[in-house]
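> Could you have a look at this structure, given as structure tokens, before my questions?
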Amino acid sequence: MTVRIVRLGSPRLESEGLRIGTVRRPPRGIPKAEYASRNIYDVWFPNLAPSKALLKEASPKDDPSWRTFKRRFLAEMNAPEARRTLDLLAALSHDTNFSVGCYCENEARCHRSILRELLGKRGAAFA
């Protein structure tokens, strides 16, 4: 059993399990009933998405802005609710398959790379 970190909208992998969308907003122009069939996500979970303020202030375009974004997002993920959620997902990764994702094309400049790091520190099992 494992967790995968994916780009939302990408083709699903075999045994990927439940796809969790850790994004601030649902996709525009796609009916809610089609999110899963279009490989967007099965469950929307904005609790692990960057805050609106962070997205507005620190768009990770270059190295300095990425460092600022990462520092601020790590601070957001240090809140008790986020820490408990990350602990839960890390534990679940040992018992069931699921994936966590975002829309960003480049994972290296996306909060999902930080989620991968945080889940790894909690002992998550990755595919």
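> Mind listing whichever residues of region 69-87 are open to solvent by 70 Å² or more (accessible area, probe 1.4 Å), closer than 20 Å to Lys52 by Cβ and touching a residue at least 12 places away in the same chain (Cβ under 8 Å)?
Selection gives Arg72, Glu81.
> Among (1) in a helix (DSSP H, G or I); (2) under 17 Å from Glu105 (Cβ atoms); (3) open to solvent by less than 30 Å² (accessible area, probe 1.4 Å), there is one condition Leu54 misses while meeting the rest; what is its number?
(2)
> Do the conditions hold for Glu105, that is, is it within 23 Å of Gly9 (Cβ to Cβ), in contact (Cβ under 8 Å) with a residue 60 or more places away in the chain and open to solvent by 30 Å² or more (accessible area, probe 1.4 Å)?
yes
> Considering Ala90, Ala36, which residue is surrounded by fewer than 20 Cβ atoms within 10 Å (Cβ to Cβ) and touching a Leu at 6+ places or on another chain (Cβ under 6 Å)?
One residue alone meets the criteria, Ala90.
Residue by residue, here is whether (1) over 16 Å from the mean Cα position of the chain (by Cα); (2) modelled with pLDDT under 95 holds:
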site: Arg4; (1), (2): no, no
site: Leu8; (1), (2): no, no
site: Ser15; (1), (2): yes, yes
site: Ile20; (1), (2): no, no
site: Glu34; (1), (2): yes, no
site: Ser37; (1), (2): yes, no
site: Ile40; (1), (2): no, no
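> Within region 1-39, can you find the residues that are of a type in the set (Asp, Glu) and farther than 12 Å from Phe98 by Cβ?
Glu14, Glu34
> Enumerate the pairs (first residue in region 46-64 and without any contact (Cβ under 8 Å) to a residue 60 or more places away in the chain and within 21 Å of Arg7 (Cβ to Cβ); second residue anywhere and part of a loop (DSSP other than H, G, I, E, B) and open to solvent by less than 30 Å² (accessible area, probe 1.4 Å)) with beta-carbon separation below 8 Å, excluding pairs fewer than 6 apart on the same chain, so at least 6 apart or on different chains.
If the second residue must be part of a loop (DSSP other than H, G, I, E, B) and open to solvent by less than 30 Å² (accessible area, probe 1.4 Å), the pairs left are Pro46/Thr22; Pro46/Val23; Asn47/Thr22; Pro60/Cys110.
The values are calculated or read from the model by the stated rules, or taken from the named source; none is laboratory data. Since we're looking at a predicted model, the values are computed, not measured. Glycine also receives a Cβ, built like all others from the backbone with ideal geometry; neighbour counts cover every protein chain displayed. The accessibility values were calculated without ligands, DNA or RNA, using every heavy atom of the protein model including side chains. Shrake-Rupley method; radii C 1.70, N 1.55, O 1.52, S 1.80 Å.
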